[in-house]
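The structure appears right after this line, and notes come after that.
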Amino acid sequence: MKKYCTTIALLVAALHINAQFKPFDASLVPESLRKHANSVKREERLELDVKSTDKAYFKVHRAVTIFSEAGSDELDFDYYADQFHSLEEASIEVLDERGNKLHKYNKSDMGKMATGSGLVPDGKVYFIRIAAPSYPLTIVTDYEVKYKGILNYPSYKIQFPQQSVENSVFTVKVPADNDIRYKNNNCKIDPLITDEDRYKIYTWQVKNMPALEYEEGSAGRMGGYSAVLLAPNKFELDGYEGNMSTWQNFGLWYGNLSRNTGNLSEERKQFFRDMVKDAPDESEKIRRIYSYLQNNFRYVSIQLGIGGFKPFEADFVDKKKYGDCKALSNYTQACLNAVGIKSYQALINAQYNSIPVDPAFPQNGFNHVIVCVPMPKDSIWLECTSTTNEFGVLGNFTENRNALLITEDGGKLVPTPKSKATENVFSSNSTIVLKEDGSGTANVVLNTTGEYRQQFLESFLEQVKDEQKDFIVNYLGFVQPDKFEIKYEKGNKSAPTYLNLEIEKIPDFSAGSKMFLNPRIYKLWRSALPKTENRTQDFFFPYPLIKNDSTRYLLPEGFGPETLPKAKDLKFEYGSFSTTYQFDQSQRVIISTARLILNEFRIPAGKFAATKKFFSDVLAEYSEKIVIKRL
């Protein structure tokens with residue numbers, strides 16, 4: 001009897017302990033998973049069940065413990081649904097530090113916003129932002145998505161920067177006669193592959209993966225972090241069947257979407273023939289048509305439904321004077337065809353720090369469309385959504401990538417031009433008239449090309465006065481002016497910009513009869529690069545560049561230089577920096593010159609320490625002073 005009672009007592013105690021056990025208690029996270037982590041995936045189960053080429057279900061169960069405000073991105077839930085993807089069900093539970101439930105939200109609690117604006121079949125965005133009463137807390141998310149058309153499979157995004165993984169499982173069930181392809185991205189994780197009737201089942205599992213520190217300036221959010229990419233072989237979208245096993249086959253599918261959409265009227269075709277009839281060569285014909293596009297059309301974004309892939313007809317764009325990247329590229333192609341010039345649309349992944357698609361892994365990794373015009377010596381590339389790009393210059397958004405040309409024979413992967421420093425030039429020529437009290441005026445002539453010119457046209461010249469002043473001070477790095485005036489020739493994209501500044505205090509500081517002047521009235525380079533310790537990922541500058549400066553200080557009568565900084569001639573593997581200083585006594589003018597060259601925009605991780613030192617030296621040069629005094 002005593003033994004029986006003891007057993008009962010132990011059983012009751014065990015049940016009590018089990019009742020108290022909370023699997024998502026934040027204190028149970030191992031210390032090894034807290035290092036560098038803003039959040040940790042406690043438990044994740046992802047299940048992709050592919051039924052056919054156009055039907056699949058994707059179930060997500062994910063519990064994430066968030067340690068601080070720095071991990072608050074995990075509090076956002078949003079899902080874009082359209083005719084091919086529907087959010088079937090969704091729930092979110094909020095647990096406190098000990099794993100006790102605080103709140104539960106369902107799909108009906110989420111905000112819902114229609115998108116599409118009537119241009120394509122409307123979609124919906126479901127969204128919710130979870131309020132965090134305190135940290136740490138845990139968010140448990142469950143939802144299911146139904147695919148009614150397939151072009152992309154969801155990737156297995158194992159971890160984000162500063163996120164560790166306690167346990168994560170990704171399972172894919174796919175018909176054996178339409179197998180998947182996969183590619184490891186910054187990881188070496190092999191799936192367990194099993195058979196079940198006419199299906200193949202792939203299972204990836206990750207346990208106790210420590211967090212990686214966020215490395216500023218690295219590739220796009222997933223570029224340098226662990227993931228497994230998936231791609232179908234056969235697929236179907238809105239009744240359009242396709243094969244993605246090769247780039248050629250994928251290009252055939254995409255080309256089929258654009259078939260018969262270049263339908264300009266004979267009247268409009270003649271309009272373009274008349275536009276180019278006296279052009280001396282093919283290049284000038286292309287330039288005139290591109291200029292017409294830039295001056296008369298505007299960009300609108302279409303990302304939902306088949307409208308995310310199938311362009312508007314050229315006649316529609318011609319009449320409405322707008323379109324997305326696909327529609328404007330398709331329209332440009334139709335205009336070029338009208339004057340007998342062959343061109344191709346090209347799919348590309350855009351963003352300055354985007355990694356080129358892998359030639360060995362055909363997948364829809366694209367988010368943009370541009371136009372390529374083959375020429376005898378070199379191709380001409382056209383960014384059809386920009387009103388400011390120079391003719392034939394793609395800019396950092398799409399250069400140095402692999403683009404998929406959509407030809408009559410299917411897709412052909414080709415490289416876009418590589419960035420050149422000589423395409424992105426910023427040149428400043430300043431004359432500063434300095435008064436005895438330290439105030440003065442500055443007349444500045446700015447010449448810009450490439451990315452710098454685009455920034456001027458988009459973010460500076462046509463803005464209101466307050467935004468222009470913010471650009472002068474916080475982007476260009478000029479001393480804060482008390483008054484300023486901007487002059488430029490509208491419509492001339494290559495014309496100089498003139499700044500006339502009135503500045504109450506030009507010297508950095510004064511002492512007695514001495515004034516301590518900066519080498520120039522703006523910073524040629526403005527910010528330090530991130531830390532170098534333990535860097536594992538390449539660093540991306542927005543673009544290669546050349547910056548030139550000539551600054552003339554006209555001194556007050558009776559003043560002359562006491563000290564001029566020494567000339568600099570710095571070099572590193574990817575660029576150089578040089579300065580000179582001289583005094584023209586007859587004109588009472590101190591002349592400072594500087595030239596900075598960066599030849600590469602992508603710096604290998606192993607070369608980053610030397611790069612950081614170089615730019616630290618460039619920054620330090622600005623702290624050296626020109627010292628003038630009353631004679």
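Here, each number is a calculation from the coordinates, and none is a lab measurement. Here the structure is a predicted model, which is why all the values come from computation and not from measurement. Note that each Cβ is placed from the backbone with ideal geometry, even for glycine, and that neighbours are counted across all protein chains shown.
Summary table below
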| read-out | value |
| --- | --- |
| Kyte-Doolittle mean at least -0.5 and Cα axial length at least 15 Å: DSSP H helices in the chain | 2-20, 247-258, 325-338, 608-623 |
| Filter on Lys157/Lys321; Lys342/Lys493; Lys547/Lys607; Lys157/Lys326; Lys531/Lys568; Lys183/Lys613 - keep pairs with C-alpha separation over 32 Å | Lys157/Lys321; Lys183/Lys613 |
| Only Lys, Arg (+1) and Asp, Glu (-1) charged, at Cβ; region 111-184 dipole about Cα centre in debye | 180 |
| Exposure proxy order (Cβ contacts within 10 Å, fewest to most) of Asp466, Asp584, Asp315, Asp54 | Asp466, Asp584, Asp315, Asp54 |
| Cα-Cα P(r), region 164-207, percent of pairs per 10 Å interval | 25, 51, 21, 3 |
| Cross-link reach list, aspartates and glutamates versus Lys523, counting only Cα pairs under 14 Å and skipping chain neighbours closer than eight places | Asp508, Asp549, Asp617, Glu621, Glu624 |
| Region 37-237 pair-distance distribution - Cα-Cα, 5 Å bins, rounded % | 1, 7, 14, 17, 18, 18, 14, 8, 3, 0, 0 |
| Binned Cα-Cα distances of region 348-498, short to long, each 5 Å bin given as a whole percent | 2, 8, 15, 17, 15, 12, 10, 8, 6, 4, 2, 1, 1, 0, 0 |
| Inter-centroid distance (Cα atoms) of region 313-359 relative to region 464-485, Å | 37 |
| Over region 246-418: Kirkwood hydrodynamic radius from C-alpha pairwise inverse distances, Å | 16.1 |
| Gain upon complete extension [Asn208, Arg595; 0.36 nm per residue less C-alpha separation] | 134.4 nm |
| Cα centroid separation - region 516-546 against region 242-259, whole Å | 43 |
| Gln162-Glu408 FRET efficiency (beta carbon distance; Förster radius 51 Å; 0.05 resolution) | 0.60 |
| Burial ordering of Leu457, Leu237, Leu347, fewest other beta-carbon atoms within 10 Å first | Leu457, Leu237, Leu347 |
| Test item: Cα-centred dipole of the chain, Lys/Arg +1 and Asp/Glu -1 on Cβ, debye | 720 |
| Cα Rg, Dmax (largest Cα-Cα span) when computed across region 118-249, Å | 18.0, 53 |
| Taking N as its residue count, the alpha carbon Rg of region 559-624 over 2.2 N^0.38 Å | 1.41 |
| Calculated Rg and Dmax of the chain using C-alpha coordinates, Å | 30.3, 116 |
| Rg/Rg_ref, region 422-630, where Rg_ref = 2.2 N^0.38 Å and atoms are Cα | 1.07 |
| Antiparallel bridge percentage (DSSP; both residues within the chain; nearest 5) | 90 |
